[in-house]
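Undergrad: Structure provided below as structure tokens; questions to follow.
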Amino acid sequence: MEQIFIDRFIIPQSAKVEFTERMQINRRFISKLPGFVRDDVYERQGEDGNFLCITIAVWVSEAMLKNARELVQAEYQREGFNLPALLERLGIQMERGQYYRFNDKGQSPIN
């Protein structure tokens, strides 16, 4: 079953350029990993002036998503990149979650 990984970011306007550059690096990297299906990015301006961004990455299976997470962490370590430190320094809030496609027939992996 496909796995959908969704991140939601609230980004101060002053951090938009740096955040966007890093996001593009990550998107290029994950697009080459085994099991990657596709990704999408959505954005809008918040009423408070913040930049709101949602990223969605779809993976063939839970095993492929788990493998991708490990490869991303290894790449971060190789680069010396620290995501939590970047988010804190730039004042970015992140909400992360793994989702499943809703089935109209009432069948769900979630009880």
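Undergrad: Applying the selection to region 55-99, what residues are touching a residue at least 60 places away in the same chain (Cβ under 8 Å), open to solvent by 40 Å² or more (accessible area, probe 1.4 Å) and not small (Gly, Ala, Ser)?
TA: From region 55-99, those touching a residue at least 60 places away in the same chain (Cβ under 8 Å) are 61-62, 64-65, 86, 90-99; that's our starting set.
Filter once more, so that each one left must be open to solvent by 40 Å² or more (accessible area, probe 1.4 Å): 62, 64, 91, 93-96, 98-99.
Listed by number, the residues that qualify are Glu62, Met64, Gln93, Met94, Glu95, Arg96, Gln98, Tyr99.
Undergrad: Another question, then. Identify the single condition in (1) open to solvent by less than 60 Å² (accessible area, probe 1.4 Å); (2) at pLDDT 95 or above; (3) within 29 Å of Pro12 (Cβ to Cβ) that Gly49 does not satisfy, given that it satisfies every other one.
TA: Condition not satisfied by Gly49: (2).
Undergrad: Give the residues of region 58-79 that are within 15 Å of Phe29 (Cα to Cα), out of contact with any helix residue (DSSP H, G or I) (no Cβ under 6 Å at 6 or more places or on another chain) and not in a helix (DSSP H, G or I), sorted by residue number.
TA: The one that is within 15 Å of Phe29 (Cα to Cα), out of contact with any helix residue (DSSP H, G or I) (no Cβ under 6 Å at 6 or more places or on another chain) and not in a helix (DSSP H, G or I): Val58.
Undergrad: Continuing with the same structure: Would you mind stating whether Asp7 is exposed (fewer than 15 other Cβ atoms within 10 Å of the Cβ) and either in a strand (DSSP E or B) or touching a strand residue (DSSP E or B) at 6+ places or on another chain (Cβ under 6 Å) (or both)? Break it down stepwise before answering.
TA: On the way: exposed (fewer than 15 other Cβ atoms within 10 Å of the Cβ): no; either in a strand (DSSP E or B) or touching a strand residue (DSSP E or B) at 6+ places or on another chain (Cβ under 6 Å) (or both): yes.
No: the conditions fail for Asp7.
Undergrad: Report the residue count in region 59-106 for those that are among the charged types (D, E, K, R) and within 13 Å of the chain's Cα centre (by Cα). Steps first, answer last, please.
TA: Filtering region 59-106 for residues among the charged types (D, E, K, R) gives 62, 66, 69-70, 75, 78-79, 88-89, 95-96, 101, 104-105.
Of the ones still in play, those that are also within 13 Å of the chain's Cα centre (by Cα) are 69, 95-96.
Number satisfying all stated conditions: 3.
Undergrad: Name the pairs whose Cβ atoms lie under 7 Å apart, with the first residue in region 11-29 and in a helix (DSSP H, G or I), the second at pLDDT 95 or above and polar (S, T, N, Q), and 6 or more positions between them or separate chains?
TA: Short answer, once both residue conditions are applied: Gln13/Asn50; Met23/Thr55.
The values are calculated or read from the model by the stated rules, or taken from the named source; none is laboratory data. Quick caveat, the model's predicted, so the values are computed rather than measured. Every residue, glycine as well, gets a Cβ built from its backbone with ideal geometry; the counts of neighbours run over all protein chains shown. For the accessible areas, the whole protein counts, side chains as well, though only heavy atoms, and no ligand, DNA or RNA atoms are used. Shrake-Rupley method; radii C 1.70, N 1.55, O 1.52, S 1.80 Å.
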